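The values are calculated or read from the model by the stated rules, or taken from the named source; none is laboratory data. Fair warning: this is a prediction, and the values are worked out from it, not measured in the lab. FYI the Cβ positions are ideal-geometry reconstructions off the backbone, even for glycines, and counts take in every protein chain you see.
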Amino acid sequence: MLKHKNPDWHPEQPDRIAYIWKAVENAFGRNAITIIERKAKKEELYLAHSLDYINYLFSIRGSVDLDYETFFSEHTLDAVLSAAGICLELVEHIIQGTYKKCFALVRPPGHHATYTGAMGYCIVNNMAVAVNKALAMGLERIVIIDWDVHHGNGTQEIFFETDAVYFIDIHQENLFPENSGNVDETGRDRGKGFTLNIPVPAGKDGNYYLDIMDAVAYPILRRFSPQLLCISSGFDALGGDSEGAMHLVPTDYRELTRKVCLWADELCEGKLLMVLEGGYCIPSVSEAVCTILENWEEKL
Ligand SMILES: [Zn+2]
């Protein structure tokens, strides 16, 4: 995943995960990180994407611009297979009970990747692959909360017509993608009422996010009674991020995660999968990931 290259001007750089990795090691020791050497198989990517799209990715030789800001080069396929493979491995461990709570430190991110294509730095939708794997393993109700500052349009699209996955997306209004993540996008057919978008005006802080979680997310979780709780955890709502205009501080992610840990314990035997999405102010993202993992330590 460190070898997937983007141009120098691009905010999504290998340093993101290298820096977080170091920070976690420094804070919690080497054993805090488990290195998973699993690449998703081609067929496993069909869990969330069309045959045509995945076959296309496997056919690329050399470098291709998938869109104006999403690039595919020599090591990109290995990186996306590793990112999806790690999420698959973790969700299997969580369902089988060998781990309860996991944070997947992966890149490139996934939540803008749709059923048929790449978008917004995202190539394969890591979370959607893992969640569909969990459904294939027999789970029937999963909640995904996406608190990346951008709308998780790809994840929304992939689960738009199912009532097995409740998708809750808290994002900065009118950011990216354009005209995406409005409150009237609530699902279709069987999925009607199982997508909830919460567009937030720019400039809000962590308390605002915590209030949304209590007032909106928690009642849904209690009603839906998930068997697994998943968090698409972008960190671009941190103050100072080049892409968002929110004012969260690193410790806000500890408090947000404390809530979801409690809810996972209450509702689904502690089963929690968090997956890295965006977040580009690398030092504060690293600090935020470390504060999240303090919730794991308290459990030990
Ligand atoms: Zn983002």
From (1) of a type outside the set (Asp, Glu); (2) closer than 18 Å to ILE170 by Cβ; (3) surrounded by fewer than 21 Cβ atoms within 10 Å (Cβ to Cβ), pick out the condition that doesn't hold for THR291.
(2)
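Looking for something part of a loop (DSSP other than H, G, I, E, B) and either among the aliphatic types (A, V, I, L, M) or more than 16 Å from the ligand (Cβ to nearest atom) (or both) - is there at least one such residue anywhere in region 208-225?
Narrowing region 208-225 to residues part of a loop (DSSP other than H, G, I, E, B): 225.
The next check asks that each one be either among the aliphatic types (A, V, I, L, M) or more than 16 Å from the ligand (Cβ to nearest atom) (or both); those that pass are 225.
Checking region 208-225: at least one residue is part of a loop (DSSP other than H, G, I, E, B) and either among the aliphatic types (A, V, I, L, M) or more than 16 Å from the ligand (Cβ to nearest atom) (or both).
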Residues that are within 24 Å of TRP263 (Cα to Cα) and under 20 Å from the mean Cα position of the chain (by Cα): does region 39-58 have at least one?
no
Which one of the conditions (1) surrounded by 15 or more Cβ atoms within 10 Å (Cβ to Cβ); (2) in a loop (DSSP other than H, G, I, E, B); (3) without any contact (Cβ under 8 Å) to a residue 40 or more places away in the chain; (4) not hydrophobic (A, V, I, L, M, F, W, C) does GLU243 fail to meet, given that it meets all the rest?
(3)
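Being in contact with a strand residue (DSSP E or B) (Cβ under 7 Å, 6 or more places away or on another chain), assigned to a loop (DSSP other than H, G, I, E, B) and not hydrophobic (A, V, I, L, M, F, W, C) is the filter here, so list the residues in region 178-206 that pass it. Write out each step before concluding.
The initial filter retains those residues of region 178-206 that are in contact with a strand residue (DSSP E or B) (Cβ under 7 Å, 6 or more places away or on another chain), namely 181-183, 185-187, 194-200, 202, 205-206.
Then drop every residue that is not assigned to a loop (DSSP other than H, G, I, E, B), which leaves 181-183, 185-187, 194, 202, 205.
Residues satisfying the conditions are GLY181, ASN182, GLU185, THR186, GLY187, ASP205.
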Select, from ILE142, ILE170, the only residue that is crowded, with 24+ Cβ neighbours inside 10 Å and more than 25 Å from PRO201 (Cα to Cα).
ILE142
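Just to check your reading of the model, which residue among GLU287, GLU294, GLU269, GLU255 is more than 16 Å from the ligand (Cβ to nearest atom) and on the phi > 0 side of the Ramachandran plot? Full working, then the answer.
Working: GLU287 fails: on the phi > 0 side of the Ramachandran plot; GLU294 fails: on the phi > 0 side of the Ramachandran plot; GLU255 fails: on the phi > 0 side of the Ramachandran plot.
Criteria check complete, one pass: GLU269.
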Of everything in region 33-57, what is in contact with a Lys or Arg (Cβ under 9 Å, 6 or more places away or on another chain) and aromatic (Phe, Trp, Tyr)? Give them in sequence order.
none
Considering region 58-76, residues that are touching a Lys or Arg at 6+ places or on another chain (Cβ under 9 Å) and buried (at least 18 other Cβ atoms within 10 Å of the Cβ), and then whichever is farthest from LEU139 (Cα to Cα), we arrive at PHE71
Please tell me if LEU238 is within 16 Å of the ligand (Cβ to nearest atom) and over 27 Å from GLY117 (Cβ atoms).
yes
Residues being over 22 Å from THR257 (Cβ atoms), among the hydroxyl-bearing types (Ser, Thr, Tyr) and either within 16 Å of the ligand (Cβ to nearest atom) or under 12 Å from the mean Cα position of the chain (by Cα) (or both) - total across region 124-180
1
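Please report, ordered by residue number, the helices (runs of 4 or more DSSP H) entirely within region 1-103 with at least 1 residues that are within 23 Å of ILE231 (Cβ to Cβ) and either at pLDDT below 95 or of a type outside the set (Asp, Glu) (or both).
Ranges flagged: 15-28, 42-45, 76-96.
Answer yes if at least one residue in region 48-56 is of a type in the set (Ser, Thr, Tyr), in contact with a strand residue (DSSP E or B) (Cβ under 6 Å, 6 or more places away or on another chain) and either over 17 Å from ASP146 (Cβ atoms) or within 16 Å of the ligand (Cβ to nearest atom) (or both), and no otherwise.
Going through region 48-56, the residues of a type in the set (Ser, Thr, Tyr) turn out to be 50, 53, 56.
Next cut, in contact with a strand residue (DSSP E or B) (Cβ under 6 Å, 6 or more places away or on another chain) only: none.
No, every residue in region 48-56 fails to be of a type in the set (Ser, Thr, Tyr), in contact with a strand residue (DSSP E or B) (Cβ under 6 Å, 6 or more places away or on another chain) and either over 17 Å from ASP146 (Cβ atoms) or within 16 Å of the ligand (Cβ to nearest atom) (or both).
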